[in-house]
């Protein structure tokens, strides 16, 4: 699974002073802006999982983790409204990318049709979740 940290509260992605100090301690870095931390950073993910939310979050944030199948890693779509973030799979981009790969594959036309049909079935199921 591919995991990312997002902010589930109006206000914005942020860490408390203590949370940022702990991140810097664990990584031996000197990050001053939480936006400089990658949302899939393993240290950040571990901190969000294990630290008390009242310690890691600032007054304007509520950091959460969302998981996706690894195949969707490059197809995540982030949106934000007044600091409240959401992240989802852009299935359209995933399908277009995958169909292009299938069409370029060195397999028979029947195999390509089967692969595209399976892709369609899989994505129809996933979009309904």
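Each reported figure results from applying straightforward, stated rules to the coordinates on display, with no laboratory input. Computed from a predicted structure; not experimentally measured. Heads up, the Cβs are rebuilt from the backbone with ideal geometry, glycines too, and the neighbour counts pull from every protein chain shown.
Summary value for the chain: 31 percent relative contact order, contacts being C-alpha pairs under 8 angstrom separated by 6+ residues. Consider all pairwise Cα distances in the chain and report the whole-number % of them above 27 Å. That tail contains 35 percent of the Cα-Cα pairs. Packing around the peptides 3-14, 60-71, taken as the average count of other Cβ atoms within 10 Å per residue, puts them in this order, highest first: 3-14, 60-71.
Angle of helix 109-127 to the longest C-alpha principal axis of the chain, folded into 0 to 90 degrees and rounded to 10: 40°. As a proxy for reagent exposure, ranking 50, 98 by other Cβ atoms within 10 Å from fewest up yields 50, 98.
When each of 113, 56, 37 is scored by the number of other beta-carbon atoms lying within 10 Å, the sequence from fewest to most is 113, 37, 56. Set against the 2.2 N^0.38 Å expectation for a compact globular protein, the range 59-129 has a Cα radius of gyration ratio of 1.45.
Could you tell me the ratio Rg/Rh of the range 2-73? Both radii from Cα atoms, Rh via Kirkwood.
That ratio is 0.95, to two decimals.
Give the angle, between 0 and 90 degrees and rounded to the nearest 10, that separates the Cα long axis of helix 91-104 from the longest principal axis of the Cα atoms of the chain. Roughly 40 degrees between the two axes.
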